1. Out of Asp49, Asp30, Asp21, I need the residue that is more than 30 Å from Ala120 (Cα to Cα), surrounded by fewer than 18 Cβ atoms within 10 Å (Cβ to Cβ) and among the charged types (D, E, K, R). Which one?
2. Just one of (1) closer than 18 Å to Leu147 by Cβ; (2) touching a Phe, Trp or Tyr at 6+ places or on another chain (Cβ under 8 Å); (3) not in a loop (DSSP other than H, G, I, E, B) trips up Leu4, so point out which.
3. Restricting attention to region 77-84, does a residue exist that is part of a helix (DSSP H, G or I) and modelled with pLDDT of 95 or more?
4. Please go through (1) of a type outside the set (S, T, N, Q); (2) within 30 Å of Met1 (Cα to Cα); (3) at pLDDT 95 or above; (4) surrounded by fewer than 21 Cβ atoms within 10 Å (Cβ to Cβ) for Val72 and return the number of the only condition it doesn't satisfy.
5. Only one of Arg10, Arg67, Arg51, Arg36 is within 20 Å of Tyr133 (Cα to Cα), under 18 Å from the mean Cα position of the chain (by Cα) and either in a helix (DSSP H, G or I) or at pLDDT below 95 (or both); which?
6. Can you report the number of residues in region 106-144 which are of a type in the set (Phe, Trp, Tyr) and either within 22 Å of Ala85 (Cα to Cα) or surrounded by 22 or more Cβ atoms within 10 Å (Cβ to Cβ) (or both)?
7. Would you check if there is a residue in region 130-145 being aliphatic (A, V, I, L, M), without any contact (Cβ under 8 Å) to a residue 60 or more places away in the chain and touching a Ser or Thr at 6+ places or on another chain (Cβ under 7 Å)?
8. Asp55 is checked against (1) within 13 Å of Leu29 (Cβ to Cβ); (2) of a type in the set (D, E, K, R); (3) touching a Leu at 6+ places or on another chain (Cβ under 7 Å) and fails just one. What number does that condition carry?
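The values are calculated or read from the model by the stated rules, or taken from the named source; none is laboratory data. The structure displayed is predicted, hence computed values, not measured ones. Methodologically, a virtual Cβ is constructed for each residue, glycine included, from the backbone with ideal geometry; neighbour enumeration extends over all protein chains shown.
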Amino acid sequence: MTPLARLVARWLPACGAEAADGLPRPALLDMGQIARPTSPNSALFAPADVRPAPDVVTPVYEVAAQRLYEAVLVTAAAQPRTFAAATCPARRQAHFVARSAWFNFPDLITAQVDERGPAASTLTLYSRSVYGYSDLGANRRRLDAWLSALPTILMQPTEDDRR
């Protein structure tokens, strides 16, 4: 942890924690009932039919929902300063904490995969800041990076493909 993060932690305690620590364990989020803040410190990437309207419309992926969910977990694990906070495999929902490099500010990310058929699924990603009014676009850039990395992960063979 940087000296700046230690200093900031005097006023914002979660900045003094490591990984996903310092924040309450995330509960299952109803992705159909997201109440976004009025401040510009969140990003929502989702299918077109999700409300509120997403910032970026995610495609229908031509893979089974479980495969997409596993690819999202791998994608998240590969991101810098991003830590798993909770998973709900039965709902294909996962929660992560991403921390900024200098101040250790925590952002919360929720990912959910929904089945649209035997070989089709959709992805909803919701990233938001814990502290501050503006995130200077960090949440949107994060989700852009995740969506950009996802096709590469999906192209990698799975254990079932190797048998």
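1. Asp21
2. Of (1) closer than 18 Å to Leu147 by Cβ; (2) touching a Phe, Trp or Tyr at 6+ places or on another chain (Cβ under 8 Å); (3) not in a loop (DSSP other than H, G, I, E, B), only one is false for Leu4: (1).
3. Residues of region 77-84 that are part of a helix (DSSP H, G or I), as a first pass: 77.
In the following step, the residues that additionally are modelled with pLDDT of 95 or more were identified as 77.
Within region 77-84 (the criterion being part of a helix (DSSP H, G or I) and modelled with pLDDT of 95 or more), the answer is yes, since at least one residue qualifies.
4. (4)
5. Answer to the selection: Arg36.
6. Residues of region 106-144 of a type in the set (Phe, Trp, Tyr): 126, 131, 133.
In the following step, the residues that additionally are either within 22 Å of Ala85 (Cα to Cα) or surrounded by 22 or more Cβ atoms within 10 Å (Cβ to Cβ) (or both) were identified as 126, 131.
Result for region 106-144: 2.
7. no
8. Failing condition for Asp55: (1).
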